[in-house]
């Protein structure tokens, strides 16, 4: 399992976060710098180890939103809206991991009744 929650600690992709850190992720995004998700090598390894979990979640999210045909396209469209050039598969992997963590952080906060 890649997402767990205890009373004060939440785990996303094998990294632990307190509720305050989840709020920071939701309010400021992963690009603000989140330990364990900063360096390209960390993000590459994270994506490679969790590709199915990440992309299945993003596919489901795209389906729920109805705007995008799949998670892959949703990530690419998000990159385009923010002016991030898709010049390598690595850039996609980084953005997919960040999008996944940001969305899971929001889901976790909502599930425990925390406002962000």
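The values are calculated or read from the model by the stated rules, or taken from the named source; none is laboratory data. Predicted model only: the values in this text are computed from it and were never measured. Note: ideal-geometry Cβ built from the backbone for every residue, glycine included; neighbour counts use all protein chains shown.
Consider only pairs whose beta carbons are under 8 Å apart and that are at least six residues apart or on different chains; among these, list those whose first residue lies in the range 23-42 and is touching a residue at least 24 places away in the same chain (Cβ under 8 Å) and on the phi < 0 side of the Ramachandran plot and whose second residue is surrounded by 11 or more Cβ atoms within 10 Å (Cβ to Cβ) and part of a loop (DSSP other than H, G, I, E, B).
Partner pairs satisfying both residue conditions: 23/114; 23/116; 25/34; 26/116; 27/116; 30/37.
Restricting attention to the range 26-49, and to residues there that are assigned to a helix (DSSP H, G or I) and at pLDDT below 95, which single residue is farthest from residue 92 (Cα to Cα)?
Taking the candidates together, the pick is 32.
Of all residues being part of a loop (DSSP other than H, G, I, E, B) and surrounded by fewer than 17 Cβ atoms within 10 Å (Cβ to Cβ) in the range 50-76, which is nearest to the chain's Cα centre (by Cα)? Just the residue, please. Break it down stepwise before answering.
Of the residues in the range 50-76, the ones part of a loop (DSSP other than H, G, I, E, B) are 66-70.
From what's left, surrounded by fewer than 17 Cβ atoms within 10 Å (Cβ to Cβ): 66-67, 69-70.
Details: 66: 19, 67: 18, 69: 18, 70: 15 Å.
Across the range 50-76, the extreme among qualifying residues is 70.
From the list 92, 47, 17, pick out the single residue that is in contact with a strand residue (DSSP E or B) (Cβ under 9 Å, 6 or more places away or on another chain) and surrounded by 15 or more Cβ atoms within 10 Å (Cβ to Cβ).
Values: 92 fails: in contact with a strand residue (DSSP E or B) (Cβ under 9 Å, 6 or more places away or on another chain); 47 fails: in contact with a strand residue (DSSP E or B) (Cβ under 9 Å, 6 or more places away or on another chain).
The match here is 17.
If residue 23 satisfies every condition in (1) more than 13 Å from the chain's Cα centre (by Cα); (2) in a loop (DSSP other than H, G, I, E, B); (3) within 28 Å of residue 113 (Cα to Cα) but one, which is the exception?
(2)
Filter the range 96-116 for residues that are out of contact with any strand residue (DSSP E or B) (no Cβ under 9 Å at 6 or more places or on another chain) and in a loop (DSSP other than H, G, I, E, B) and give the result.
Within the range 96-116, 113, 114, 115, 116 meet the criteria.
Condition (residue is in contact with a strand residue (DSSP E or B) (Cβ under 6 Å, 6 or more places away or on another chain), at pLDDT below 95 and within 24 Å of residue 114 (Cα to Cα)) applied to the range 54-74: is it met by at least one residue? Spell out the reasoning first.
First, pick out the residues of the range 54-74 that are in contact with a strand residue (DSSP E or B) (Cβ under 6 Å, 6 or more places away or on another chain): none.
No: zero hits.
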